[in-house]
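Below is one structure, written out as structure tokens; the observations come after it.
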Amino acid sequence: MPVSDDLDGLKRRLAVARGEMPADLVIKNARLVNVLSGEIHDADVAVADGVFVGFAAGEAADTIDAAGRYLCPGFIDGHIHIESTLLSPPVFARAVAPHGTCAVVTDPHEIANVLGLPGIEYMLACSHDLPVTCYFMMPSCVPATDMATSGARLGAMDVAAMLARHPDRILGLAEVMNFPGVVAGDDMMLRKLIAARGRVIDGHAPGLTGRALDAYVTAGPGSDHECTELDEAREKLRRGLHVMIRQGSTEKNLESLIGLVTADNAGQFSLVSDDKDPTDLSREGHLNALVRQAVAQGLPPLRAVAMASINPARYFGLRRRGAVAPGYRADAVLVEDLESFAIAEVVLAGRRLGAWEFADRSCLTPPRAMRVGGEMTEARLAVPAASSRLRVIGIVPGQIVTEALILEPSVRDGLAVADPARDLAKLAVIERHKGTGNLGLGFVRGLGLKAGAIAGSVAHDAHNIIVAGMNDADMALAARTLMVSGGGFAVVRDGQVLAQVRLAVAGLMSDAPLEVVLSGLAALGAAYRELAGLPPEAEAHPFMAMSFLSLEVIPSLKLTDKGLVDVTTFGPVSLFA
């Protein structure tokens with residue numbers, strides 16, 4: 001919501017600041033968490049035209065008595081993929097606003113990999129002028145690599161055109177995932193970096209070190225959110241990268257990295273969520289949860305709040321955002337204490353949260369994207385046992401990196417098959433954008449399935465259909481279920497669809513309200529726990545974990561529609577060693 005910059009508007013704000021006119025809102029008797037001065041102090045705060053105009057109480061159209069509660073700036077998530085929440089932008093904004101989120105910087109490369117530029121334009125249109133500001137970064141890797149088939153291809157000219165067309169909303173170039181290409185001087189990647197020169201460029205360089213890291217940083221990326229170890233983060237910090245400490249639903253790096261933050265370097269860190277499950281979002285919160293967890297790990301509250309407000313604002317050049325001070329947009333969160341961060345009140349652009357309406361823009365839903373070549377039959381999923389050394393993707397709990405395992409296959413009638421006793425599931429990735437008929441087959445350990453199959457059309461980054469299961473018949477049915485519905489998730493057992501969630505927006509997001517999505521996911525989770533033999537209260541994220549098994553830019557072993565990829569060598573490998 002832009003502030004009026006006309007002469008009369010500015011004069012009115014100045015008059016309110018001088019105490020000559022009543023404010024629109026006054027928050028009195030607050031303990032202000034001041035991320036600019038680095039202190040917590042008593043304050044009364046006045047607001048006019050959606051802007052903080054001073055630290056003085058007085059006459060106002062509306063007054064909030066903080067009664068000694070803590071007033072924090074609104075929270076800013078510097079790296080998130082809205083598509084990963086499975087919610088359309090308006091529904092997402094409605095979901096995160098009660099948790100104190102006032103702005104996000106989102107990379108729409110999920111929908112861009114499916115629909116290209118029209119997908120990005122859809123996200124921009126759907127999120128325009130929401131109470132929660134949605135800034136964007138222009139996807140840098142569509143496709144992520146040529147080792148998977150995506151629905152679109154974006155080049156340097158597309159980057160330049162979109163940055164010029166939406167200068168206030170697209171802040172720069174999104175996470176540059178093809179780090180081997182950048183380090184090697186690949187012309188296509190370098191042209192994209194040059195096209196974004198002068199704008200913010202986000203990095204993505206898991207495990208990169210030494211001279212290769214020097215080359216990558218020299219090329220232009222200014223941040224990284226892929227650190228999983230303290231030494232890795234320290235090395236990147238020393239080279240000037242802004243370290244985004246990620247704590248999502250699957251990727252949880254806060255506990256490992258938070259010890260690196262000190263009073264001297266805290267400005268170089270932000271807290272981000274990256275990929276957030278909507279159930280977690282509803283149950284745990286958004287950035288308020290990350291701030292709470294950081295404080296629980298020993299980080300001083302003032303420092304934690306700054307890492308979710310002024311730090312990302314400064315990194316992205318968001319002028320007059322991220323703090324409670326005169327001239328800043330009036331986004332604030334009133335919390336009960338600085339341990340639980342329980343929220344008492346949220347103010348967005350100078351208005352209480354309850355005064356806002358979140359527009360329904362489901363009419364902007366783009367066409368469905370589902371073009372699978374050929375029938376999905378059991379026969380296509382058969383894997384002849386070619387040797388006694390089978391390459392298997394090993395899931396690492398709490399991470400999106402995987403292990404590259406060599407195991408002896410379980411063999412039946414000359415075919416390599418899934419084995420529930422070894423937690424070994426068959427995996428398939430089915431191309432869904434261009435009707436190529438591509439089908440990649442592999443095996444994964446760690447999904448916990450004991451029977452049946454699960455399938456999803458959310459599979460980073462190309463977002464082809466991904467299916468895991470204990471038998472070919474259920475796997476084929478799960479895939480066909482998504483092909484018919486246009487995308488989403490499905491759980492199948494013994495030839496029956498136990499649960500299904502439809503994702504009408506490009507097979508990535510629902511256009512339904514949050515409550516409907518949560519209800520569908522709850523049924524989906526219950527069905528998965530039945531297949532895994534887990535108790536009803538067990539926490540599990542099988543679909544999010546599975547969605548990263550095809551991401552060929554994250555080590556170590558991944559599966560795409562073109563086959564297995566060894567990410568350490570950035571090349572294809574055979575299923576049998």
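The values are calculated or read from the model by the stated rules, or taken from the named source; none is laboratory data. Predicted model, so just to flag it, every value in this text is computed and none were measured. Every residue, glycine among them, receives a Cβ derived from its backbone with ideal geometry; neighbour counts consider all protein chains shown. Areas reflect the complete protein model, heavy atoms only, side chains present, ligands, DNA and RNA absent. Shrake-Rupley method; radii C 1.70, N 1.55, O 1.52, S 1.80 Å.
Residue ranges 458-465, 342-349, 557-564 sort as 458-465, 557-564, 342-349 when ordered by packing (mean number of other C-beta atoms within 10 Å per residue, highest first).
Sort all Cα-Cα distances of segment 246-292 into consecutive 5 angstrom bins from zero, then give the percent of pairs in each bin up to the one containing the longest distance. Percent of pairs per bin, in order: 5, 20, 31, 23, 12, 7, 3, 0.
The alpha carbon radius of gyration of segment 113-202, expressed as a multiple of 2.2 N^0.38 Å, is 1.08. Remark on segment 336-493: Rg and Dmax equal 21.1, 69 Å (Cα only). Magnitude of the charge dipole for the chain, about its Cα centre and with charges confined to Cβ atoms of Lys, Arg (+1) and Asp, Glu (-1), is about 820 debye. A 1.4 Å probe run over the protein chains yields, for the chain, 36 Å² of accessible area per residue, whole-number rounding. By the equivalent-ellipsoid construction on the alpha carbon gyration tensor, segment 1-129 comes out with semi-axes of 35, 19, 12 Å, ordered largest to smallest. Antiparallel beta bridges, as assigned by DSSP with both residues in segment 15-140, represent about 40 percent of the total such bridges.
Its DSSP H runs of at least 4 residues, each contributing -39,500 (n - 2.57), put the calculated 222 nm mean residue ellipticity of the chain at -7500 deg cm²/dmol, to the nearest 500. Within a straight-line Cα-Cα reach of under 18 Å, Lys558 can be paired with the following lysines, leaving aside sequence neighbours fewer than 8 residues apart in one chain: Lys426. Rounded to the nearest 20, the Cβ-based charge dipole of segment 474-559 about its Cα centre (Lys and Arg +1, Asp and Glu -1) stands at 220 debye.
Which aspartates and glutamates, on any chain, are close to Lys276 with Cα under 14 Å apart, when same-chain ones fewer than 8 places away are left out? Once the sequence-local aspartates and glutamates are set aside, what remains near Lys276 is Asp77, Glu83, Asp107, Glu110, Glu251, Glu284. Tell me, Kirkwood radius of segment 172-218 from alpha-carbon pair distances, in Å? For segment 172-218, inverting the mean 1/r across all distinct Cα pairs yields 10.7 Å.
Among residues other than Met483 with Cβ under 10 Å from its Cβ, the summed charge is +2 (Lys and Arg +1, Asp and Glu -1). Restricting attention to the chain, close to 70% of DSSP beta bridges with both partner residues there are antiparallel. Between segment 170-220 and segment 501-519, how far is it from one alpha carbon centroid to the other, in angstrom? What the calculation gives is 33 Å, centre to centre.
Cross-link reach is defined here as a Cα-Cα straight distance under 12 Å, omitting same-chain residues fewer than 8 places apart; for Lys11 the aspartates and glutamates meeting it are Glu20, Asp49. Taking all protein chains together and a 1.4 Å probe, the residues Leu287, Leu415 rank Leu415, Leu287 from largest to smallest accessible area.
Computed over segment 213-328, the range of Cα coordinates on each principal axis works out to 41, 38, 26 Å, biggest value leading. Protection proxy ranking for 41-51, 204-214, 425-435, 376-386, using the average of other Cβ atoms within 10 Å per residue and placing the highest first: 425-435, 41-51, 204-214, 376-386.
From most to least packed by mean Cβ count within 10 Å, the peptides 73-81, 154-162 give 73-81, 154-162. Listed values for segment 503-519 are Karplus-derived 3J(HN,Hα) couplings in whole Hz (6.51 cos²θ - 1.76 cosθ + 1.60, θ = phi - 60°), namely 10, 6, 8, 6, x, 10, 10, 8, 9, 8, x, 3, 4, 5, 4, 5, 5, and x replaces Gly and Pro. The amide H of Val200, built 1.01 Å from its N in the peptide plane, has Leu173 as neighbours under 5 Å, considering only residues 5 or more places off or on other chains. The mean sequence separation of alpha-carbon pairs under 8 Å and at least six residues apart, normalised by the residue count of the chain, gives a relative contact order of 15 percent. Expressed as a whole percent, the accessible area of segment 1-119 that falls on carbon and sulfur atoms is 52 (1.4 Å probe).
What pairs in Lys252/Lys450; Lys236/Lys434; Lys236/Lys562; Lys236/Lys450; Lys252/Lys434 have C-alpha atoms more than 30 Å from each other? As for pairs spanning more than 30 Å Cα to Cα, those are Lys236/Lys434; Lys236/Lys562; Lys236/Lys450; Lys252/Lys434.
Based on the reciprocal of the average 1/r between different C-alpha atoms, the Kirkwood radius for segment 272-427 equals 21.3 Å.
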